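Q: Starting off with a structure, shown below.
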Amino acid sequence: MTALSVSTYGLDADAVVDGLVGEKVASRIAAKDATLWGPEAEPEASIRLGWTDLHETSRPLLAEIEALSAELRSEGLDRIVLAGMGGSSLAPEVITRSAGVELTVLDTTDPGAVERALADRLDRTVIVVSSKSGSTVETDSQRRVFAAAFEAAGIDPASRIVAVTDPGSGLAELAETGGYRKLFLADPNVGGRYSALTAFGLVPSGLAGADIAALLDEAAAVAERLGGDVPDNPALRLGAALAGAHEQGRDKVAIADAGSGIVGFADWAEQLIAESTGKQGTGVLPIASGSVDDPEVAHPADDVLPAIVGEPAQPPAKGVVVAGELGAQFLLWEYATAVAGKLLGINPFDQPDVESAKVAARGLLDATPEPEPAAFTDGGIEVRGSAGLLDGVDSLAGAVDALLGRLAPDGYLAVMAYLDRQGPDAGLADVRVPLERRTERPVTFGWGPRFLHSTGQYHKGGPAQGVYLQVTGAPANDLEIPDRPFTFGQLIAAQAAGDAQVLADHDRPVLRLHLTDRTAGIDTLRGILR
């Protein structure tokens, strides 16, 4: 087992760490001291620190999950689908991919992706419906369509649905009254992005076959160390590096892997850091890098801090290297993010701007307005832009140039693709690195609506540095949502339009590209962006 370690290179964090030790920050976090982040944050912090001892409090779940898993497999039910968004899906995806076990993660409203999930081995499928609030529109829509599919196949839907939610939620009530296969109640004193070691992370992962007891053991092995007021505490060093680099102008962190064996960790850390720090016009922008060879890691700009998970052959000249097992890493980064929040003077447990895009999308669904006319169409791609962005522009290439022309020296480009991330649209993600080389600025890539529960908070609440490229596409086939007045296609369109509207309301430059033919449009777009 790799010992947990945080090594900093070219960063002088000792004075900051000494200050944190003197204030007993680590032990106060471990003791759930809600006063650490100031009086305004105290009400939220007082109900959000349950994550510090999940390695102990989640133990009773193990036997329940194991018993249910054995029961399901004895009935030939060996395909697990997870319907969840943000914190409800990101940790299980990392856990199961790292363990090499199959879990179908359904964190999208793209009708093609939902239809594909429905068509795969329904007779052997159990769906885990995970929602902290119990009212997440994406998750509820996925639950409805799976229940209808089970019923149409002559299967009792309740026998195939496992619910994970907070006590007292609408989903909890539905599970009880509807006789769902199993209801797991999560710890209400843990926020979604800190929930990796709660029922939200453990239930779907354990049912899929991952060794979840080992995760708790790995966290337990480092918990005392992370709660210690000593200079070599890895959480204090990582938190100080994140916040200290920010104060020195490095307000972006590029997270890359170097042979850690942990698959997709940057996507989980991205949500944790973006939602926790991106507010009040400040924050640390996480960039989920694919490789240590990517430009933002190999040749970082002055405002980018490389953070490498694993053991790189060559450490960064300025940056952080973090090594350790997955369960230990979950707890480490949660502590470090809470520490960074204190140093940055923000509340790391709220997400005030996440709701804005949801409200805008809901308004569009209720009002069902006609789509905003395109400024022009080029090669089957409809082009729209925020106020003034497309003045004098009449081509797709010109529109992209106009958006990139708004990039400030300290800015970043966010590509937001409301498409099918695991299907035929997946190749669009390949544009991120070429765009970095083209702009010589950091580029993030998010699949919508998934990123709305992650970096969407930073886009609206963080510093006004970003320019935004939104890509949507006409679905080949739409899909009805049972007992809802809108389809999956209408839902994802409203989510995209609502997000763009809120960004524009924040005076962020937004270029919106709609692919009338997805296959041809993605090929065209990749050519122009690269």
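Q: Note down the net charge around Leu511, summing +1 for each Lys or Arg and -1 for each Asp or Glu among other residues with Cβ under 12 Å from its Cβ.
A: Charge balance in the 12 Å sphere: +2.
Q: Counting only helical runs of four or more DSSP H residues, what would the 222 nm mean residue ellipticity of the chain come to if each run contributes -39,500 (n - 2.57) and the total is spread over all its residues?
A: So the helix-based figure for the chain works out to -12500 deg cm²/dmol.
Q: Once the dipole of the range 1-142 is set up with Lys and Arg at +1 and Asp and Glu at -1 on Cβ about the Cα centre, which of Val21, Val94, Ser141 lies farthest towards its positive end?
A: Val94
Q: Post the alpha-carbon centroid distance, the range 469-530 to the range 11-37, in whole angstrom.
A: Here the two parts' Cα centres lie 43 Å apart.
Q: Still on this structure, I have one more. Exceeding 20 Å between C-alpha atoms, which entries from my cross-link table qualify? They are Lys132/Lys252; Lys132/Lys342; Lys252/Lys358; Lys32/Lys358; Lys24/Lys252; Lys132/Lys358.
A: Cα-Cα > 20 Å for Lys132/Lys252; Lys132/Lys342; Lys252/Lys358; Lys32/Lys358; Lys24/Lys252; rest within.
Q: May I ask for the net charge around Gly379, where only other residues with Cβ less than 11 Å from the Cβ of Gly379 are counted and Lys, Arg are +1 while Asp, Glu are -1?
A: In short, -4.
Q: Could you give the distance between the Cα centres of the range 206-260 and the range 115-181, to the whole Å?
A: Taking the Cα centre of the range 115-181 as reference, the centre of the range 206-260 is 33 Å away.
Q: Note down the nm distance, to one decimal, between modelled labels 7 Å out along Cα→Cβ at Ser135 and at Arg484.
A: Those two pseudo-labels are separated by 1.5 nm.
Q: Which order do the peptides 380-388, 445-453, 110-118 take when ranked by the mean count of other beta-carbon atoms within 10 Å per residue, highest first?
A: The densest-packed peptide leads the list: 445-453, 110-118, 380-388.
Q: List Tyr9, Tyr180 from most exposed to least, where exposure is judged by having the fewest other Cβ atoms within 10 Å.
A: Tyr9, Tyr180
Q: How many times 2.2 N^0.38 Å is the alpha carbon radius of gyration of the range 354-529?
A: After normalising by residue count via 2.2 N^0.38 Å, the value is 0.97.
Q: In debye, nearest 20, what is the charge dipole magnitude of the chain about its Cα centre with +1 on Lys and Arg Cβ and -1 on Asp and Glu Cβ, if you could check?
A: Using only the charged Cβ atoms, the result is roughly 200 debye.
Q: Can you tell me the alpha carbon radius of gyration of the range 205-281 divided by the globular rule-of-thumb value 2.2 N^0.38 Å?
A: 1.34
Q: What is the sum of charges, Lys and Arg at +1 and Asp and Glu at -1, for the other residues whose Cβ falls under 15 Å from the Cβ of Gly179?
A: Net charge in that neighbourhood comes out at 0.
Q: Classify the range 442-530 as rounded, prolate or oblate from the Cα gyration tensor: take a ≥ b ≥ c as the square roots of its eigenvalues, call it rounded if a/c is under 1.5, otherwise prolate when a/b beats b/c and oblate if not.
A: The shape class here is oblate.
Q: For Gln314, project a label point 7 Å along Cα to C-beta. Then give me every residue of the range 243-263 with its amide nitrogen under 11 Å of that point.
A: none
Q: Oh, and also: Could you check the simple spin-label distance between Lys24 and Asp211, using points 7 Å along Cα→Cβ, in nm with one decimal?
A: 3.8 nm
Q: Hey, what's the per residue convex hull volume over the C-alpha atoms of the range 262-321, in cubic angstrom?
A: Convex hull of Cα atoms, per residue: 83 Å³.
Q: Quick check of the Kirkwood formula: for the chain, what is the inverse mean of 1/r over all pairs of different Cα atoms, in Å?
A: Kirkwood radius, the chain: 23.4 Å.
Q: If you place +1 on the Cβ of every Lys and Arg and -1 on the Cβ of every Asp and Glu, how big does the dipole about the Cα centre of the range 398-438 come out, in debye to the nearest 20?
A: 80 debye
Q: Applying 1/(1 + (r/R0)^6) with R0 = 56 Å to the Cβ-Cβ distance of Arg438 and Glu370, what FRET efficiency is obtained, to the nearest 0.05?
A: 0.95
Q: What FRET efficiency do you get for Lys32 and Arg530 if R0 is 30 Å and r is their Cβ-Cβ distance, rounded to the nearest 0.05?
A: For R0 = 30 Å, the calculated efficiency reads 0.05.
Q: Shifting gears a bit: Between Asp120 and Ala476, what is the label-point separation in nm under the 7 Å Cα-to-beta-carbon projection?
A: With each label placed 7 Å out from Cα toward Cβ, I get 1.6 nm.
Only the coordinates and a few stated rules stand behind these numbers; no lab work does. Because the structure is a prediction, the values reported are computed rather than measured. Cβ atoms come from the backbone with ideal geometry, glycine included; neighbour counts cover every protein chain shown.
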